[in-house]
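Asks: Just dropping this structure here.
Readers should treat all values here as calculations from the given coordinates under stated rules, not as data from a laboratory. Not measured: the values here are computed from a predicted model. With ideal geometry, Cβ positions are generated from the backbone for all residues, glycine too; neighbour counts draw on all protein chains shown.
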Amino acid sequence: MELVIASNNQNKIKEIKAILGKYFSNITTLNDKNIHQEIPETGTTFLENALIKARTVNSLTGCAALGDDSGLVVHALDGTPGVYSARYSGTGDDFKNNEKLIENLKGIENRKAKFVSVITLAKPNGETFSFEGEILGEIVDNPRGNTGFGYDPHFYVEEYQKTLAELPELKNKISHRAKALEKLKRELKNILY
Ligand code: ITT
């Protein structure tokens with residue numbers, strides 16, 4: 001079965017392909033399908049936006065479609081940037097988003113944060129199934145590591161004493177996205193057959 005990933009984020013696509021590759025005969029992307037329209041992320045929760053992404057691409061292609069809506073939730077910042085993580089600084093630029101995050105946390109001691117991912121799979125017939133994953137960490141002022149994307153260089157994981165950007169191999173086992181995809185994988189046979 002073909003699966004279309006409803007994302008324009010190349011890093012996400014890479015991570016999703018690495019985890020789901022062997023479960024689908026063909027994994028394609030919006031680009032492969034010549035879908036260049038912006039999918040409006042009008043939801044106020046990760047679940048709403050993941051559903052919008054998966055449903056939109058399922059309707060446009062008739063294929064199974066997978067949407068991921070994810071982001072950083074910072075305790076001391078009332079759960080922001082949350083669903084606005086990609087657009088936090090208004091630009092969609094990782095460097096500027098991180099700059100704004102560190103600026104907003106100036107003088108604040110509580111650095112607790114988590115990444116959340118909601119993955120929605122829409123079957124060819126439009127039926128949807130959603131799964132959530134989280135990883136806990138804390139925000140460090142100085143970026144470390146040069147792999148991953150987004151807020152990874154500032155997201156410190158106590159258990160490994162490293163940021164996610166310093167854990168290239170491990171990220172796809174421990175991340176919010178990996179956990180949501182693991183849950184999906186466990187249900188995949190029941191969902192598809
Ligand atoms: P698509 O909607 O096209 O999938 P996007 O980047 O706009 O791509 P989201 O709306 O889900 O995706 O926003 C996710 C943002 O949250 C992302 O741009 C990062 O800023 C942050 N984020 C999510 N997962 C992350 C991860 O694994 N590491 C670092 N930052 C992450």
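Asks: Tell me which residues, restricted to the range 144-162, are surrounded by 15 or more Cβ atoms within 10 Å (Cβ to Cβ) and closer than 19 Å to N9 by Cβ.
Replies: Residues satisfying the conditions are G145, T147, G148, F149, G150, Y151, D152, P153, H154, F155.
Asks: Shifting gears a bit: With respect to V83, is the statement that it is aliphatic (A, V, I, L, M), in contact with a Lys or Arg (Cβ under 6 Å, 6 or more places away or on another chain) and within 11 Å of the ligand (Cβ to nearest atom) true?
Replies: Against the criterion (aliphatic (A, V, I, L, M), in contact with a Lys or Arg (Cβ under 6 Å, 6 or more places away or on another chain) and within 11 Å of the ligand (Cβ to nearest atom)), V83 does not qualify.
Asks: Could you please give the count of residues in the range 44-65 that are within 14 Å of the ligand (Cβ to nearest atom) and either more than 30 Å from L170 (Cβ to Cβ) or not small (G, A, S) (or both)?
Replies: Counting residues in the range 44-65 that are within 14 Å of the ligand (Cβ to nearest atom) and either more than 30 Å from L170 (Cβ to Cβ) or not small (G, A, S) (or both) gives 12.
Asks: May I ask you to list the residues in the range 78-93 that are in contact with a helix residue (DSSP H, G or I) (Cβ under 9 Å, 6 or more places away or on another chain) and part of a helix (DSSP H, G or I)?
Replies: G82, V83, S85, A86, R87
Asks: Kindly indicate the residue of the range 125-146 that is under 30 Å from T56 (Cβ atoms) and not hydrophobic (A, V, I, L, M, F, W, C) and also farthest from the chain's Cα centre (by Cα) among those meeting that condition. Give the steps one after another, and end with the answer.
Replies: Filtering the range 125-146 for residues under 30 Å from T56 (Cβ atoms) gives 125-135.
Restricting the remaining residues to those that are not hydrophobic (A, V, I, L, M, F, W, C) gives 125-128, 130, 132-134.
Details: N125: 24, G126: 22, E127: 21, T128: 18, S130: 13, E132: 10, G133: 9, E134: 10 Å.
The qualifying residue farthest from the chain's Cα centre (by Cα) is N125.
Asks: Residue check: is A178 in a strand (DSSP E or B) and in contact (Cβ under 8 Å) with a residue 40 or more places away in the chain?
Replies: no
Asks: Would you confirm, using the coordinates I've provided, whether T91 is within 14 Å of the ligand (Cβ to nearest atom), within 20 Å of Q10 (Cα to Cα), of a type in the set (S, T, Y) and without any contact (Cβ under 8 Å) to a residue 24 or more places away in the chain?
Replies: Numbers: within 14 Å of the ligand (Cβ to nearest atom): yes; within 20 Å of Q10 (Cα to Cα): yes; of a type in the set (S, T, Y): yes; without any contact (Cβ under 8 Å) to a residue 24 or more places away in the chain: yes.
Criteria met by T91.
Asks: Does I135 satisfy being buried (at least 19 other Cβ atoms within 10 Å of the Cβ), within 16 Å of T80 (Cα to Cα) and either touching a residue at least 12 places away in the same chain (Cβ under 8 Å) or not small (G, A, S) (or both)?
Replies: Against the criterion (buried (at least 19 other Cβ atoms within 10 Å of the Cβ), within 16 Å of T80 (Cα to Cα) and either touching a residue at least 12 places away in the same chain (Cβ under 8 Å) or not small (G, A, S) (or both)), I135 qualifies.
Asks: Out of all the residues in the range 48-57, is one or more loosely packed, with under 15 Cβ neighbours inside 10 Å and either in contact with a strand residue (DSSP E or B) (Cβ under 6 Å, 6 or more places away or on another chain) or in a loop (DSSP other than H, G, I, E, B) (or both)?
Replies: Checked against the condition, which is being loosely packed, with under 15 Cβ neighbours inside 10 Å and either in contact with a strand residue (DSSP E or B) (Cβ under 6 Å, 6 or more places away or on another chain) or in a loop (DSSP other than H, G, I, E, B) (or both), the range 48-57 yields no hits at all.
Asks: Search the range 33-43 for residues being among the charged types (D, E, K, R) and within 11 Å of the ligand (Cβ to nearest atom), and hand back the single one that is surrounded by the fewest Cβ atoms within 10 Å (Cβ to Cβ).
Replies: Among them, the one singled out is E38.
Asks: Among the numbered conditions (1) farther than 15 Å from E15 by Cβ; (2) within 17 Å of the chain's Cα centre (by Cα), tell me where L167 comes up short.
Replies: (1)
Asks: Scan the range 67-113 for residues that are polar (S, T, N, Q) and either at positive phi or out of contact with any Ser or Thr (no Cβ under 9 Å at 6 or more places or on another chain) (or both) and jot them down.
Replies: Applying the first criterion (polar (S, T, N, Q)) to the range 67-113 yields 70, 80, 85, 89, 91, 97-98, 104, 110.
Selection gives T80, S89, T91, N110.
Asks: Further, regarding this structure: Which residues, counting only those in the range 2-30, are surrounded by 12 or more Cβ atoms within 10 Å (Cβ to Cβ), more than 9 Å from the ligand (Cβ to nearest atom) and either acidic (D, E) or part of a loop (DSSP other than H, G, I, E, B) (or both)?
Replies: Once the filter is applied, which keeps residues that are surrounded by 12 or more Cβ atoms within 10 Å (Cβ to Cβ), more than 9 Å from the ligand (Cβ to nearest atom) and either acidic (D, E) or part of a loop (DSSP other than H, G, I, E, B) (or both), the range 2-30 yields E2, F24.
Asks: In the range 105-174, which strands (runs of 3 or more DSSP E) lie fully inside it and hold 3 or more residues that are within 11 Å of the ligand (Cβ to nearest atom) and in contact with a Phe, Trp or Tyr (Cβ under 6 Å, 6 or more places away or on another chain)?
Replies: Once the strands (runs of 3 or more DSSP E) in the range 105-174 are filtered for at least 3 residues that are within 11 Å of the ligand (Cβ to nearest atom) and in contact with a Phe, Trp or Tyr (Cβ under 6 Å, 6 or more places away or on another chain), what remains is 112-122.
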